[in-house]
Protein chains: 2
Amino acid sequence: MKTLIIAAHPDIAHSRVNKNWLNAAKKDGNFVIHEIYKEYPNWQIDVKEEQELLEKFECVVFEFPLYWYSYPPLLKKYFDDVFAYGWAYGSKGKALNGKKFTLAVSVGDDEHEYSKDGHIGFSIEEVVTPFKSAVNFVGAKLLPSFFAFGFSIDPSDELVENSTKEYMKFLRDLSFS
Amino acid sequence: MKTLIIAAHPDIAHSRVNKNWLNAAKKDGNFVIHEIYKEYPNWQIDVKEEQELLEKFECVVFEFPLYWYSYPPLLKKYFDDVFAYGWAYGSKGKALNGKKFTLAVSVGDDEHEYSKDGHIGFSIEEVVTPFKSAVNFVGAKLLPSFFAFGFSIDPSDELVENSTKEYMKFLRDLSFS
């Protein structure tokens, strides 16, 4: 059973980290990658098509760069449009029950800023509470997420390469979850 | 000094709660209301204009209905576009330092779902961690937020009216913060 990666980068052409991650996942061949910023340049999400895609997969990775401690806006619109009443929730909405959801997130700041004493004041696990809340509400299972830190200003090739290796290990380990 | 309300409802024409709140604030006359979904139907935010608007106010309320435990997507885009490097952060980015920020949020579910034992599994204060992180990062001051619960299915007139009274009290109390 392949894993679905819903990728949301507002400017993947100029990305280094997320572009490398996605290229590695494509090369591997065991992952289906769905890039919503490429799919919906006009922001009009095809809800039925997206729901049918999610229904085909047991495990889904939501992948994005963290901007202002949250999703890129089109990914937020994706949740609002696709996770609809009667499908994702409500008495007849069970489509996401039991699915495995996780995050793969590139983060600008260093990890130590994500603490009570850092500039941000909250851990990365606290920052992604909205995602965890949604997972709980639709009855899905939350798998441990992949977070890669320190990509704010022109990351070194070494940092990008190392994170790509760790990202691929994370993806491959999902099949054992 | 007037307070600025940045309001983000994807469909204010069909809103009951947020429309009532904004109408009451307009009637009061002591608040400047800026509805970004009306301002930017094409989602192309005028960054300079928005920055100049924020610079004029000491206290800013971000007001929206909570969908999937987060901002409406255009409000997320607002943060990504307007809170720019060199203006909101970075060595020369001090525009938001010391400003007072808060939230006014209408919530579908009842408050008891926002707990460890509820369907959501997190408190509303945990859910808005991304906003708190952004406030910390730009050096603004977080004022206590206004949350109104239980508006998921056709709320009663009484519930809407009571929440509007509480909302106006919240807005008026901001001037003493």
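The values are calculated or read from the model by the stated rules, or taken from the named source; none is laboratory data. A quick note: this is a predicted structure, and the numbers were derived from the prediction, not measured. Virtual Cβ from ideal backbone geometry, glycine too; neighbours counted across all protein chains shown.
The table that follows gives values for the structure above.
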read-out: Selected residue (only one of B:Ser115, B:Ser156, B:Ser133, B:Ser152 is within 14 Å of chain A (Cβ to nearest Cβ) and over 19 Å from the mean Cα position of the chain (by Cα)); value: B:Ser115
read-out: Residues (β-branched (Val, Ile, Thr) and closer than 18 Å to B:Trp87 by Cβ) located in region B:51-65; value: B:Val60
read-out: Matching residues in region B:46-93 - criterion: being assigned to a loop (DSSP other than H, G, I, E, B), within 14 Å of another protein chain (Cβ to nearest Cβ) and of a type in the set (A, V, I, L, M, F, W, C); value: B:Leu66, B:Trp68, B:Phe83, B:Ala84, B:Trp87, B:Ala88
read-out: Per-region count, region B:7-29, residues away from chain A (no Cβ under 14 Å) and in contact (Cβ under 8 Å) with a residue 40 or more places away in the chain; value: 11
read-out: In region A:142-177, residue farthest from A:Phe57 (Cα to Cα) [restricted to those that are surrounded by fewer than 16 Cβ atoms within 10 Å (Cβ to Cβ) and in contact with a strand residue (DSSP E or B) (Cβ under 8 Å, 6 or more places away or on another chain)]; value: A:Glu166
read-out: Residue that is surrounded by the fewest Cβ atoms within 10 Å (Cβ to Cβ), among those in region A:20-45 that are among the aromatic types (Phe, Trp, Tyr) and not in a loop (DSSP other than H, G, I, E, B); value: A:Tyr37
read-out: B:Gly29, sole failed condition from (1) modelled with pLDDT under 95; (2) on the phi < 0 side of the Ramachandran plot; value: (2)
read-out: Sole residue being farther than 30 Å from A:Tyr78 by Cα and at pLDDT 95 or above, chosen from B:Glu35, B:Glu39, B:Glu52; value: B:Glu52
read-out: Selected residue [modelled with pLDDT under 95 and among the small types (Gly, Ala, Ser)] from A:Ser145, A:Ser156, A:Ser163, A:Ser133; value: A:Ser156
read-out: Complete set of residues in region A:109-124 that are out of contact with any helix residue (DSSP H, G or I) (no Cβ under 8 Å at 6 or more places or on another chain) and of a type in the set (D, E, K, R); value: A:Asp109, A:Asp110, A:Glu113, A:Lys116, A:Asp117
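To keep it simple, each residue is scored yes or no on (1) out of contact with any Pro (no Cβ under 7 Å at 6 or more places or on another chain); (2) crowded, with 17+ Cβ neighbours inside 10 Å; (3) aromatic (Phe, Trp, Tyr).
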{"site": "B:Gly86", "(1), (2), (3)": "yes, no, no"}
{"site": "B:Gly93", "(1), (2), (3)": "yes, no, no"}
{"site": "B:Phe101", "(1), (2), (3)": "yes, yes, yes"}
{"site": "B:Asp109", "(1), (2), (3)": "yes, yes, no"}
{"site": "B:Lys116", "(1), (2), (3)": "yes, no, no"}
{"site": "B:Glu126", "(1), (2), (3)": "yes, yes, no"}
{"site": "B:Thr129", "(1), (2), (3)": "yes, yes, no"}
{"site": "B:Val138", "(1), (2), (3)": "yes, yes, no"}
